[in-house]
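The structure under discussion appears below in the form of structure tokens.
Each value in this text was obtained by applying a stated rule to the coordinates, not by laboratory testing. All values reported here derive from a predicted model rather than from experimental measurement. Neighbour counts are summed over all protein chains in view; Cβ atoms, including those assigned to glycine, are modelled from backbone coordinates with ideal geometry.
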């Protein structure tokens, strides 16, 4: 029987690449999304991957959404916490709403998604939790105090939970992408990309979503069973930990 993988923010950008790669690797995949119905339905039609709409910042919505996925596909073995938002502002101009929205989605969302699945993974003696953090959670980024704090928190969550899951056959790992050529990044003016962003990347290019997806497929596999509490920095050499 194929293992079931659930990817939050799984119908666009890096999440879409992860969903597609997991399906190609033989998983039954469910892609969660938050708001863009048109894009989600187009993704479903193109890939055959079922999509499920809920807000990861709402615990009950996560519990209900997970229950529906498991009713449709089976018990979730692999969780990829990829959903994330930005509300960028310099700190002296940042509003409590901008802070709260990012923390609720990018950090509390990990609790909301992982907690309802954790007991089942413990009982079955197997689980893979893969958290998509960010280079900016490692090094910080001006104008992103909220985002950097949340993504750094994702790494602390990963390390703590890995220790709890290890004896129960559950691995918990993180991936920190650098600048990836998603629709959002490629919307940045070409002059800014070529003169300010790409020169910071030693390999001389943006990453591709599929390169992050391949990291996820490896961490989800049986081959990665001895790896837990780890962070893969996929940033083209831009930042070393």
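Calculated from DSSP H runs of 4 or more alone, at -39500 (n - 2.57) each and per residue, what is the 222 nm mean residue ellipticity of the chain, nearest 500?
Rounded to the nearest 500, it is -14000 deg cm²/dmol.
Below 8 Å, C-alpha to C-alpha, sequence gap of six or more: please give me the relative contact order for segment 148-233 in percent.
45 percent.
Please order 119, 104, 148, 19 by the number of other Cβ within 10 Å, starting at the fewest.
Listed from fewest to most nearby Cβ atoms, that is 119, 104, 148, 19.
Of (1) 26, 23, 15; (2) 34, 19, 16; (3) 27, 19, 19, which is the value of semi-axes √(5λ) of the Cα gyration tensor in Å derived from the coordinates here?
Read-out taken from this structure: (3).
Could you work out the Kirkwood radius for segment 76-162, taking every pair of different alpha carbons, averaging 1/r and inverting it, reported in Å?
13.5
Output the 0 to 90 degree angle, nearest 10, between the alpha-carbon long axis of helix 145-165 and the longest principal axis computed from the alpha carbons of the chain.
Here the helix axis deviates by roughly 30 degrees.
Kindly put 129, 4 in sequence by how many other C-beta atoms sit within 10 Å of each C-beta, fewest to most.
4, 129
Taking the beta-carbon count within 10 Å as an exposure proxy, list 171, 95 from fewest neighbours to most.
95, 171
Let me know the Rg and Dmax you get for segment 1-96 when you use only its Cα atoms, in Å.
My reading of the Cα-based Rg and Dmax gives 14.4, 53 Å.
Can you tell me the orientation of helix 209-220 relative to the chain, as the angle in degrees between its alpha-carbon axis and the longest Cα principal axis, to the nearest 10?
Here the helix axis deviates by roughly 40 degrees.
With axes computed from alpha carbons, what is the tilt in degrees of helix 108-124 against the longest principal axis of the chain, rounded to the nearest 10 within 0 to 90?
Roughly 30 degrees, rounded to the nearest 10.
Using label points projected 7 Å from each Cα along Cα→Cβ, tell me how many nm separate residue 197 and residue 37, to one decimal.
3.1
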